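> Sending over a structure as structure tokens; questions will come in a sec.
The values are calculated or read from the model by the stated rules, or taken from the named source; none is laboratory data. Quick caveat, the model's predicted, so the values are computed rather than measured. Cβ atoms come from the backbone with ideal geometry, glycine included; neighbour counts cover every protein chain shown. Just the protein is used for accessible areas: all its heavy atoms, side chains included, with ligands, DNA and RNA removed. Shrake-Rupley method; radii C 1.70, N 1.55, O 1.52, S 1.80 Å.
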Amino acid sequence: MSAKRKRPGPAADSAVTEHEKSVHEVIRSKKDMGVSQWEIKREINLAENIITKCIKSLVSKSLVKEVKSIQNRGRKHYMSAEFEPSSEITGGAWYVEGSLDTEFINVLKEQCWRKIYGVKVATLEGIADAIKRSNVCQIELTKQQVEEIVKALVLDNEVMEVKSTGTGEFASIPVGKVCYKCIGKRGYGGEPKLGALAFIPCGVCPQISRCTPDGIISPNTCAYYQKWLDL
């Protein structure tokens, strides 16, 4: 959870009405996850038009802000001003202004593929270090984020996950260590082999490993997946 140090002061709080305080308390209680107007209405006994007015007033007083949620793109989401949205709301590094950054993802997939291809067999740590040294992105990716990119390559049938035997090409890798090898001999700059998932949004989405039917990240709430179904 990420929160700013500065919180609204007494002067700001004293300028709000009792109804606004009630609405703000609900929003603030959700911290970095935020809340929709529909969810606010479920928690407090106020008419919808009053809640709408309270939210507009709180936003105008900079006590509350509207944030974009990748889970409910068609529904406005609100958060208390002192919090920053969690990665579950924003999608993390893979999303820009609520939209999946497929160009950035594809650049990282290419860089990961090149690293694996260049050394024949690569560990996740080795791939992550190569991405860091390449300066391909302005933000520092976590090991988990790099793993999500590599998993997307596995789903695309460009890379396979194997375990080191400690011999031959695995000689420098401890026995049993999970590592990755390229499938085929695609040359640098060549077109990638298209896997079964490459034609749907899931094929480029690094969040696919966290996507479940009843989870926070779900095909039921994914605007990109629904749009693909409508094609």
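> With respect to the cross-link table entries Lys143/Lys181; Lys30/Lys109; Lys21/Lys68; Lys30/Lys61, which display a Cα-Cα separation exceeding 27 Å?
Numbers: Lys143/Lys181 18 Å; Lys30/Lys109 35 Å; Lys21/Lys68 23 Å; Lys30/Lys61 19 Å.
Violating the 27 Å Cα-Cα cut-off are Lys30/Lys109.
> With each pseudo-label sitting 7 Å past Cα toward Cβ, what's the Thr17-Asn157 distance in nm, one decimal?
About 6.2 nm, to one decimal.
> Given a cut-off of under 8 Å on Cα pairs at least six residues apart, what relative contact order in percent is computed for the stretch 50-153? Write out the running numbers ahead of the final one.
On the way: 82 pairs, mean separation 17.7, N = 104.
In percent, rounded to a whole number, it is 17.
> Further, regarding this structure: Using 0.36 nm per residue of separation minus the Cα-Cα distance, give me the extension gain between Asn135 and Asn106 in nm, one decimal.
Contour length minus the Cα-Cα distance gives 8.9 nm.
> Extending each Cα 7 Å along its Cβ direction at Arg75 and Thr142, get the distance between those two points in nm, one decimal.
Going by the 7 Å Cα→Cβ label model, 2.6 nm.
> Pop out the ³J(HN,Hα) list for the stretch 58-64 in order, Karplus 6.51 cos²θ - 1.76 cosθ + 1.60 with θ = phi - 60°, rounded to Hz; leave Gly and Pro as x.
Going residue by residue, I get 5, 5, 5, 8, 6, 8, 9 Hz, with x marking Gly and Pro.
> Over the stretch 21-179, give the accessible area per residue in Å² for a 1.4 Å probe, as an integer.
52
> If you don't mind, there's one more thing I want to ask. Testing the spin-label approximation: label points 7 Å from Cα along Cα→Cβ at Ser60 and Glu169. State their distance in nm.
A separation of 6.6 nm, rounded to one decimal place.
> Report relative contact order for the stretch 101-182 in percent, whole number only (criteria: Cα-Cα under 8 Å, sequence separation at least 6).
35
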